[in-house]
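Participant: Before anything else, here's the structure in question.
The values are calculated or read from the model by the stated rules, or taken from the named source; none is laboratory data. Keep in mind the model is a prediction, meaning the values are calculated, not measured. Note that each Cβ is placed from the backbone with ideal geometry, even for glycine, and that neighbours are counted across all protein chains shown. We work out accessible area using only protein heavy atoms, side chains counted, and drop any ligands, DNA or RNA first. Shrake-Rupley method; radii C 1.70, N 1.55, O 1.52, S 1.80 Å.
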Amino acid sequence: MKLIKLLTLLLFFPTTCLVAQNATSLQERYLDSLIVRAGNVYKTHNYKEAITISAKLIEKGNEYNISYPKFYGYDLLGVTYKRLDDSIKARINAEKALEIAEESEIDSLIALEYKNLGSILTSNGRTYEKGLGLLQNSISIYENNNKPRYIYGVYINIIWTLLDNERQEEAYEYLNKANSIAEKVDVPEEDEMCIKFLMGRYYHRAKYFYLAEQQLLPVSEQLEKGGLNDLGVEVYKSLKEIYKEQRNYKKALSSSEKEKYYREKVYASKKIQAIEVASAKFELSEYQKDLEIAIKEKEHSKELVEASQQLVDKSEQLTYIFIVATSVLLLALLGFYLLFRSRKKFIKKLSRNNIELVEARDKTEKLSKVKSQFFSTVSHELRTPLYGVIGISSMLQEDIKLKSHQKELNSLKFSADYLLALINDVLLLNKMDYQDLVLEKVPFRLDALIGSITRSFEYSLEQNKNKLIVDIDKEIPNNLIGSSVRLSQILMNLIGNATKFNENGTIWFNIKLKEVTQDGSYRTHFVIKDDGIGIPKDKQAFIFEEFTQVEDENYNHKGTGLGLPIAKKLLKLHNSDIHLKSELGKGSEFSFTLDLIENENQSQVSASQSHTVEDVSGSLMSQYGNIHVLIVDDNKINQKVTQRMLDKNGIKFSVANDGDEAITMALFGTYDLILMDINMPKVNGIEATKKIREFNKHIPIIALTAVEVEEMRIEILESGMDAILSKPYESLHFLTTILRVLSKKRSRVVT
């Protein structure tokens, strides 16, 4: 609706006060009071009185031979007829007002009428370009006279027109200009609300839903003061559309109800105004006819016969006017009836849409719960057997007797690792879609993190005969604190993408320091570049969409297309973004920037402080001697994998097949550490830990779990466990976790 644009059409008071200062005669003071009164009745929507006063101003201007009251009379008629949706009369009167203003050569009057006539013309799709030109003329005059508050009002008309005609970027430029003015001078509250609404409307069109909501919600709160019903309809209509596109049906329903509320207020207001308009038009026609007769009587002295004839003519004309006015009133009543029927249909349709929104919201919430439960179950059921496959394949790789089958074992291990990565990608994507992911802050070492990542690609690099070159800027601190897991996932997805689509080539992985920020963060630039097949320009906009891949006839690799979307979404959590440079046949370059935080407390033991399994195993033996570990797991295959891992590193172990058995063995046996599975029959790992903590507060307990760790982390740690190991896990991570937990136990005992 464009009625809100008219909030800025009439600014009587600045120029009126100017005229009043120069007014010396009684006539001029009378005219000034009429102008002020005209502005007041217009602002209170008393259009009947506004039309009457306009005619009075024009009459007295002609009688006293003074131009400015005629200007205000025609100007007020123009904006009033515009408000009454009579665009032809509105334009005629505004053009007369502009003609008088230009003859007077008074800048304030010319600028005002450029703005009012421009606003009238921009409401028509065929004349909006001409209207924009007049609005620009108004701005030029206001700029020369240093009137920023008036410029702000003109900007509202321009922005609204540009948005209506799909000229978004031009509208955004004017929005920024308007905000710059508001920062320097006080602007009317209603104008400021309009600008915020228009900014929200721009962001909505650009699909920046969060920013649009940030602009529209404060306006919706201010609307509660009342008086701007048209703006209320537009604001809540935009909010409803935003929430529907975001599938937030609960908020969409609430906004729809608010929109309905303001529409009903607008309808009621227009109904009253229409009746007043019909009456005002009749009285104005009658008054204008009397005025013409009076002027003729003053200018010409006529015979009594002619005067009698004029009275007869007047009577006939009044009768005709009365008939026309009555017809108009009947047509208006018919219009009200049709509008009422249309309104009933609209309300019925709106109610039906609201019911559909509620049903869709309930269905979506139900599906969301089912989907979340499904992914949680799939996570456990797939990771549990994968732990056995990866563990056993790792043991077979280390068996000297099977060296002749090393190639097959490497393929088996790679396939299991790939399947695990695929499961993790799907689960991670699901968590990000439901905004259920947070960035943890843990200490880690950059060189060890990068080393672990590069080692995981040794097999795939060998398969495709690729070479990976890593370069880390020495100015970047090695000891950091942050979400090492999420950073690792980003890098592994990007390097994995390069290895999949490159053969007999080179992959460059560079980490460079850009700057040290004022808050002490190390702004670091990560680049992964390859000389592979490259990505066509027309496909680059789509590769970050889920399940999308660029196909190439020379490459047989088929993946899920999840790696790049996951990397992009994880970077968004870091308030960063991914950038792509690529050319078909010449390789690709992916880059991003992160702010890294140095870890000043480096006393914690981490997996990165020893670089090999042998180093960690040696540390365990030298520091703790004979270690006795209790393995609690109901899965026989997983028991064997854990036993083999401990036995290989000289660690003594005992086995409990469920939580109940573990409680008994912990009560009567002596152990240095307990490895506790979570999901077990009878008594699960969390319940067993709580029981053990009742009689043993100090023995370290490490959780072994195949479920998504983030879902149960708090519950696991609150039960009394010291650390968590997600199945499946590597030997190095397994041993370093044991070393870290035992070190914490020793430090507590010393304390």
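Participant: Kindly give the semi-axes, whole Å and largest first, of the ellipsoid equivalent to region 190-272, taking each as the square root of 5 times a Cα gyration tensor eigenvalue.
Facilitator: Here the semi-axes work out to 21, 15, 9 Å.
Participant: Additional query: Once you've got the Cα coordinates, tell me which of Lys115/Lys196; Lys512/Lys537; Lys48/Lys348 are over 23 Å apart.
Facilitator: Lys512/Lys537; Lys48/Lys348
Participant: Keeping every protein chain present and rolling a 1.4 Å probe, give me the accessible area per residue for region 88-223 in Å².
Facilitator: 47
Participant: Looking at region 137-197, which GluC sites (Glu not before Pro) are DSSP coil and have at most 11 other C-beta atoms within 10 Å of their C-beta? List each step's numbers first, then the result.
Facilitator: Numbers: sites: Glu143, Glu166, Glu169, Glu170, Glu173, Glu183, Glu189, Glu190, Glu192; in loops: Glu166.
Passing sites in region 137-197 are Glu166.
Participant: Can you tell me how much longer the chain between Ile472 and Leu396 gets when fully stretched, taken as 0.36 nm per residue apart minus their C-alpha distance, in nm with one decimal?
Facilitator: Stretched fully, the Ile472-Leu396 segment lengthens by 23.9 nm.
Participant: For Phe346 and Gln540 in one chain, what is 0.36 nm times their gap in residues minus the Cα-Cα distance, to one decimal in nm?
Facilitator: The span from Phe346 to Gln540 would gain 65.4 nm if fully extended.
Participant: Using a Förster distance of 41 angstrom, determine the FRET efficiency expected from the C-beta separation of Asn510 and Asp615, and round it to 0.05.
Facilitator: Approximately 0.90, to the nearest 0.05.
Participant: At Lys441 and Leu217, where each label point lies 7 Å from the Cα along Cα→Cβ, what is the point-to-point distance in nanometres?
Facilitator: With each label point 7 Å from Cα toward Cβ, the separation is 2.5 nm.
Participant: Let me ask something else about it. Would you please name the chymotrypsin sites (Phe, Trp or Tyr not before Pro) within region 670-745 that are DSSP coil residues with at most 12 other C-beta atoms within 10 Å of their C-beta?
Facilitator: none
Participant: Please give the FRET efficiency for Tyr261 paired with Val328, using the beta carbon to beta carbon distance and R0 = 35 Å, rounded to the nearest 0.05.
Facilitator: 0.70
Participant: Given 0.36 nm per residue, what is the gain on full extension from Glu143 to Arg455 after removing their alpha carbon distance, in nm?
Facilitator: 105.7 nm is the gain from fully extending Glu143 to Arg455.
Participant: Rounded to a whole number, what % of the accessible area of region 103-238 do carbon and sulfur atoms account for, probe 1.4 Å?
Facilitator: Carbon plus sulfur share of accessible area: 43 percent.
Participant: Where nothing but the Cβ of Lys and Arg (+1) and of Asp and Glu (-1) is charged, how large is the charge dipole of region 153-246 around its Cα centre, in debye to the nearest 20?
Facilitator: Value, rounded to 20: 280 debye.
Participant: So if I restrict to the alpha-carbon atoms in region 573-703, what is the Rg, and what is Dmax, the biggest pairwise distance, in Å?
Facilitator: 21.7, 68
Participant: What trypsin sites (Lys or Arg not before Pro) in region 453-538 are in a loop by DSSP, with at most 13 other Cβ atoms within 10 Å of the Cβ?
Facilitator: Those satisfying the criteria are Lys465, Lys474.
Participant: On to the next question. Kindly sort Trp508, Trp160 by accessible area of their heavy atoms, largest first, with the probe set to 1.4 Å.
Facilitator: Trp508, Trp160
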